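Let me begin by presenting the structure, written as structure tokens, before commenting on it.
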Amino acid sequence: MVNEILKSSDEVSTNQSQITITNLYKTFERDGKEKEVLRDINLNFKKGEFISLLGPSGCGKSTLLKLIGGLITKSTGSIQIDSQEVKDPISKVGFMFQKAVLLPWRTVEQNLILPIELAKGNIAEAKLRIKDLLSLVGLEGYEHYYPNELSGGMQQRISLARTLMTNPDILLLDEPFGALDEFTRENLNFSLMDIAEKSGKTVVLVTHSISEAVLMSDRIIVMGINPGHILEDMKIDFQKPRTDKIIATEKYAQYMLHIRDLLGVGR
Amino acid sequence: MKAITTSEQEIKIPKPKIIRIEYLLSLLLLVFILVLWEVLSRFKIVHELILPGPMVVIGSMFELLAAPFFYSNLGVTLFETLAGFALGSIFSIVLALIVVSVPILYKVLNPFIIILQAVPKVALAPIFVTWFGFGLTAKIVMAIAICFFPTFINTVVGLKSVDEDSKLLFQSMVASKKDLFLKLSLPTALPYIFAGLKASLTFALIGAIVGEFMGADKGIGMLINTFNFQLEMDKVYALIIILSIIALLLYLFIEWLDKKIVFWTDNK
């Protein structure tokens with residue numbers, strides 16, 4: 001079913017770089033002072049890769065994600081998606097935030113329609129997708145509920161479904177489940193992995209949980225602070241589909257220890 | 001694919017309403033006040049010219065309600081109030097929209113807004129009479145002046161209260177400026193706008209009455225003035241009670257409208 005509703009729009013070869021970041025710098029101006037938040041970022045993300053941007057607060061991982069999504073403008077350097085320089089938000093990119101930001105005056109169905117409305121898309125056609133998307137995120141039959149009738153976890157599921165409404169090639173997720181309790185969060189992480197694996201979408205996830213990053217990602221970009229820079233670009237080599245059994249492996253422990261070492265956590 | 005099961009699918013249940021003892025005590029207090037009032041008046045502890053008893057006042061109220069002249073005067077006051085309210089609300093909302101969408105205008109006008117807000121609007125009544133005479137216009141302008149700010153300030157605050165996350169979301173979904181306004185800013189501001197409207201509707205009535213006090217040949221304010229001069233205090237009290245009931249009804253109407261339109265703030 002995932003393949004049907006979320007199939008890729010074009011068949012780009014899997015080895016081709018989809019997101020290309022070269023010599024990227026970002027400085028913010030605050031109270032007349034310039035503050036460098038990202039220094040010399042160089043990255044290539046392939047189509048279908050699951051990438052985590054991991055690092056402590058202030059390492060610029062969220063800023064990097066917003067730059068990729070065209071929500072803020074870079075200082076110097078280049079960000080390209082499918083060989084197009086990113087200047088503004090584009091429709092092949094779907095964003096998801098830590099807060100569900102559902103509109104309280106709209107039902108679940110109307111919230112899901114919103115991205116289609118804003119993109120002046122075909123609403124009647126989009127409505128046919130709603131049922132499938134709701135069952136994909138495990139909330140079948142909730143079309144006519146209002147957001148404030150749903151729990152935090154359910155709201156985040158709706159938020160995920162809304163991001164998938166336009167069937168974007170790339171999902172940019174800014175700590176999407178960060179505000180939820182650990183059980184709900186784990187649950188949603190597995191939902192997300194499932195969707196990502198089966199749809200072949202490129203996922204860039206911002207997180208500050210080392211275990212979450214190791215469990216979910218094909219690659220982890222470990223970032224440091226002052227200014228934000230890349231410490232290491234790690235490949236995480238586990239078979240898919242991933243299960244929590246990998247937590248018990250030697251390799252998992254080694255990845256965890258290595259990242260903790262990089263970030264200077266523990267003793 | 002199989003549906004993903006969720007562990008957090010509980011639905012929030014609204015709490016059942018309980019009739020509280022406070023309501024009963026409020027009612028008892030009301031009865032006590034009425035009895036005390038009647039006693040004070042009936043046994044001439046307070047002179048009946050100053051404080052006619054509730055029974056007398058209620059009698060006068062029905063007398064007034066049966067008189068045709070009452071309704072023509074009420075109509076004038078209601079017209080002034082509602083016209084002032086409608087015009088004042090439209091002005092304030094439109095001006096708030098303009099001011100918020102042009103940031104420079106907001107910065108330039110802000111000091112003036114703060115100063116004008118501080119002016120006791122009632123003190124302007126004599127000026128309005130000088131400008132517009134003793135007709136309806138002066139009263140409507142008075143009502144507009146007094147009910148402008150609550151809605152204006154609330155609309156500005158409401159439009160500015162759109163949170164950054166929602167703005168980012170709309171931006172990420174490539175929303176047009178028009179959609180951003182119609183589908184995000186305006187609905188976000190609606191609860192604030194209604195809070196302003198609720199306050200300003202009763203303010204508009206105050207404006208109309210004060211305007212009539214300055215000089216009028218029709219209206220409830222004029223009637224109060226006249227009866228006051230004739231020392232028919234029972235009728236003055238009766239009119240004040242009727243005005244209060246009208247103000248309450250207007251308020252309840254706006255509140256009903258608020259609940260209908262801004263339904264989503266209800267069960268939070």
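Details
- Phi to ³J(HN,Hα) by Karplus 6.51 cos²θ - 1.76 cosθ + 1.60 over the range B:167-174, Hz, x for Gly, Pro: 4, 4, 4, 4, 4, 5, 8, 6
- Simple label model, 7 Å out from Cα along Cβ direction - residue A:140 to residue A:211, nm: 3.2
- Between residue A:117 and residue B:42, the C-beta separation translates, for a Förster distance of 56 Å, into a calculated FRET efficiency of about 0.25.
- Distance between the modelled labels on residue B:50 and residue A:110, one decimal in nanometres: 5.8 nm (7 Å Cα→Cβ projection).
- Inter-chain Cβ neighbour count for B:171-180, averaged per residue, equals 6 (cutoff 10 Å, partner chain atoms only).
- Chain lengthening between residue B:263 and residue B:114 when straightened (0.36 nm per residue, less Cα-Cα): 50.5 nm
- Rg in Å to one decimal, and Dmax rounded to a whole Å, for chain A via C-alpha atoms: 18.5, 58
- Karplus-derived 3J(HN,Hα) values for the range A:109-119, using 6.51 cos²θ - 1.76 cosθ + 1.60 with θ = phi - 60°, are 4, 5, 5, 5, 6, 3, x, 5, 4, 5, 8 Hz; glycine and proline are entered as x.
- Estimated FRET transfer efficiency (residue B:62, residue B:132; beta-carbon r; R0 35 Å; 0.05): 0.50
- Backbone phi angles across the range A:81-95, fed through the Karplus curve with coefficients 6.51, -1.76 and 1.60 (θ = phi - 60°), yield HN-Hα couplings of 10, 6, 6, 10, 5, 7, 10, 10, x, 10, 6, 7, 10, x, 10 Hz in residue order; Gly and Pro are listed as x.
- Projecting the alpha carbon convex hull of the range A:103-167 along each direction and taking the average yields 3.8 nm².
- Under 5 Å from the amide H of residue B:176 lies no amide H of any residue 5 or more positions distant or on a separate chain, with H modelled from the backbone and absent for Pro and chain starts.
- Separation in nanometres of the label points that stand 7 Å from Cα toward Cβ, at residue A:84 and residue A:247: 4.1
- Computed from Cα positions, the angle between helix A:123-136 and the longest principal axis of chain A comes to roughly 70 degrees.
- Relative contact order for chain B, counting Cα pairs under 8 Å that sit 6 or more residues apart, in percent: 25
- Cα-Cα over 31 Å, subset of A:127/A:198; A:74/B:160; A:99/A:131; A:198/B:183; A:47/A:87: A:198/B:183
- Normalised by residue number, the volume inside the convex hull of the Cα atoms of the protein assembly as shown is 224 Å³ per residue.
- Applying Stokes-Einstein at 4 °C and 1.567 mPa s to the Kirkwood radius of chain B, computed over alpha-carbon pairs, gives a translational diffusion coefficient of 58 µm² s⁻¹.
None of the figures in this text is laboratory data; all of them are computed from the coordinates on show. In this text, all values refer to a predicted model and were calculated from it rather than measured experimentally. Note: ideal-geometry Cβ built from the backbone for every residue, glycine included; neighbour counts use all protein chains shown.
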